[in-house]
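Asker: This is the structure I want to talk about, given as structure tokens.
The values are calculated or read from the model by the stated rules, or taken from the named source; none is laboratory data. All values derive from a computational prediction rather than experimental measurement. Every residue, glycine as well, gets a Cβ built from its backbone with ideal geometry; the counts of neighbours run over all protein chains shown. In case anyone asks, the SASA skips ligands and DNA or RNA and just uses the protein heavy atoms, side chains included. Shrake-Rupley method; radii C 1.70, N 1.55, O 1.52, S 1.80 Å.
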Amino acid sequence: MKPLNRRTPTILNTAWADLLFWDGRADGLEEQALNPISAPDEMNQPLDKMIETVNGIEAYKALFARAYPGEPVSEKTIARAIATFERTVVSGIAPFDRWVSGDERAISDGAKRGFDLFNGKAACAKCHSGWNFTDNGFHDIGIEGSDRGRGVRLPLASMQFAFKTPTLRNADQRAPFMHDGSEQRLEDVVEYYDRGGNVKRPSLAPEIVPLHLSTSEKRDLIDFLRTLTSVEKPTEVPLFPR
Amino acid sequence: MFKTILSTILVAGIALPMFAADHEISQADKAFSKSEITIRLGERLIFKNDDEVTHNVYSVTPGMTFDLQRQAPGASSSITFNREGTAEVQCSIHPKMKLIVHVQK
């Protein structure tokens, strides 16, 4: 498998997302689920072969019969099974949530100042909005490269070089950042937005402008971002039928 | 592809004057003020951006395609529908924003 041009987007909290992938080409998790399996640059498995493989494992046949009575093992039921699993990948209660619920000691004073910046001077919340810190929208944030992103699917001027806004829940566990993985650390991401992105072009979102944050403001913003990470119980890897 | 067959007026930063055959749709909190509207042929829809973020109203419904392009907060844009049918209208930036427009004689 060769490296892909785009970083793998998280499936965290995608139960609440409509359009999936960085360019929004899949309308729902069921449509998304099979794409990486058949994509030539990813798992490169023809879907009829996938069905044949799953059907060849007795334990899987029994599990599918229980989950989808009267339906054969098919692209449809496999997609539904994977999508159903993906919907269980949900972020937990983070320090930020405990603070919002009234625990003043849940986050530091710096993080509280960072939250003010997030909503005010840094204007992150214009796109990273709501409980999941995403508008589920598409924006050109000024990253170099020839990948036109959403613009390939929806050829409007504003959609050129536009990519989906990712959730910021548990973001500090998902480096590198941006759709192409071009920023290595949260600190780099904040510097990126502080200078107003890397490329000026007609499709650049009007919200992307230099922020003129001070060193301490950048630190506060990062402190806030780290409060969005929840501590989860490790997921036990199941024994897969063979 | 997005060559429009509909007439469009774009006015940035100011409110458009309203006439009897006009219908206003507000955009606030990343939502249209209505999810569905029925208008008559030749009537005008005015899209007003009452939000704090940029919007881009468009439709790719065959025969009724249009692109109002980016609308800054406070701006209004309008479109006149000169063809019968049902157009699915969305914001390209925020795809959860959806509006069905029924155009009747």
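Asker: To the nearest 500 deg cm²/dmol, what mean residue ellipticity at 222 nm is calculated for chain A from DSSP H runs of n ≥ 4 alone, each contributing -39,500 (n - 2.57), summed and divided by the residues?
Answerer: The helix-only estimate for chain A comes to -9000 deg cm²/dmol at 222 nm.
Asker: Further question: What translational D, rounded to a whole number of µm²/s, comes out for segment A:1-64 from Stokes-Einstein when the hydrodynamic radius is the Kirkwood one over Cα pairs, at 4 °C and 1.567 mPa s?
Answerer: The estimated diffusion coefficient comes to 96 µm²/s.
Asker: If I compute solvent accessible area with a 1.4 Å probe over the protein chains, what percent of it on segment A:61-202 is carbon and sulfur?
Answerer: The C+S portion of the solvent-accessible surface of segment A:61-202 is 55 percent.
Asker: Further question: Where nothing but the Cβ of Lys and Arg (+1) and of Asp and Glu (-1) is charged, how large is the charge dipole of chain A around its Cα centre, in debye to the nearest 20?
Answerer: Approximately 60 debye in magnitude.
Asker: Net charge around A:Pro9, counting only other residues with Cβ within less than 11 Å of its Cβ (Lys, Arg = +1; Asp, Glu = -1)?
Answerer: For residues surrounding A:Pro9, the net value is +3.
Asker: Relative to the Cα centre, what is the charge dipole magnitude of segment A:1-144, using +1 at the beta carbon of each Lys and Arg, -1 at the beta carbon of each Asp and Glu, and rounding to the nearest 20 debye? Walk me through the intermediate numbers first.
Answerer: Values: 16 positive and 21 negative charges, 74 e Å.
Roughly 360 debye, rounded to the nearest 20.
Asker: Another question, then. Have a look at segment A:1-143 and give its Rg and Dmax from the Cα atoms, expressed in angstrom.
Answerer: 20.1, 59
Asker: Treating the Cα atoms of chain A as identical point scatterers in vacuum, please give the log10 of the normalised Debye intensity I(q)/I(0) at q = 0.13, 0.14, 0.15 Å⁻¹, two decimals.
Answerer: So the normalised log intensities are -0.90, -1.01, -1.11.
Asker: Could you report the buried accessible area between B and A, both sides summed, computed with a 1.4 Å probe and given in Å² to the nearest 100?
Answerer: 1500 Å²
Asker: Choose one of A:Leu117, A:Val100, A:Cys127: the residue whose Cα lies farthest towards the positive end of the charge dipole of segment A:75-167 (beta-carbon charges +1 Lys, Arg; -1 Asp, Glu; about the Cα centre).
Answerer: The one lying farthest along the dipole's positive direction is A:Cys127.
Asker: Taking each residue of A:155-161 in turn, how many C-beta atoms of other protein chains fall within 10 Å of its C-beta, and what is the average?
Answerer: 5
Asker: Here is a further query. On a C-alpha basis, how far is the centre of segment A:178-219 from the centre of segment A:145-159 in Å? Whole number, if you could?
Answerer: 20 Å
Asker: Just from the alpha-carbon atoms, what are the Rg and Dmax of segment B:43-86 in angstroms?
Answerer: 11.3, 33
Asker: Across peptide B:50-59, how many C-beta atoms of other chains are within 10 Å of each residue C-beta, on average? Show your work: numbers first, answer last.
Answerer: On the way: counts 0, 1, 5, 11, 7, 2, 6, 0, 4, 0.
Shielding by partners across B:50-59 averages 4.
Asker: While we're on this one: Across segment A:120-242, what fraction of all alpha-carbon pairs, as a whole percent, falls in each successive 5 Å bin from zero upward?
Answerer: P(r) for segment A:120-242, in whole percents per bin: 2, 10, 18, 22, 20, 11, 7, 5, 3, 2, 1, 0.
Asker: My understanding is that a pair violates if its Cα-Cα distance is over 27 Å; which of A:Lys121/B:Lys48; A:Lys49/B:Lys96; A:Lys61/B:Lys96; A:Lys49/B:Lys98; A:Lys126/B:Lys34 do that in this structure?
Answerer: Exceeds cut-off: A:Lys49/B:Lys96; A:Lys61/B:Lys96; A:Lys49/B:Lys98.
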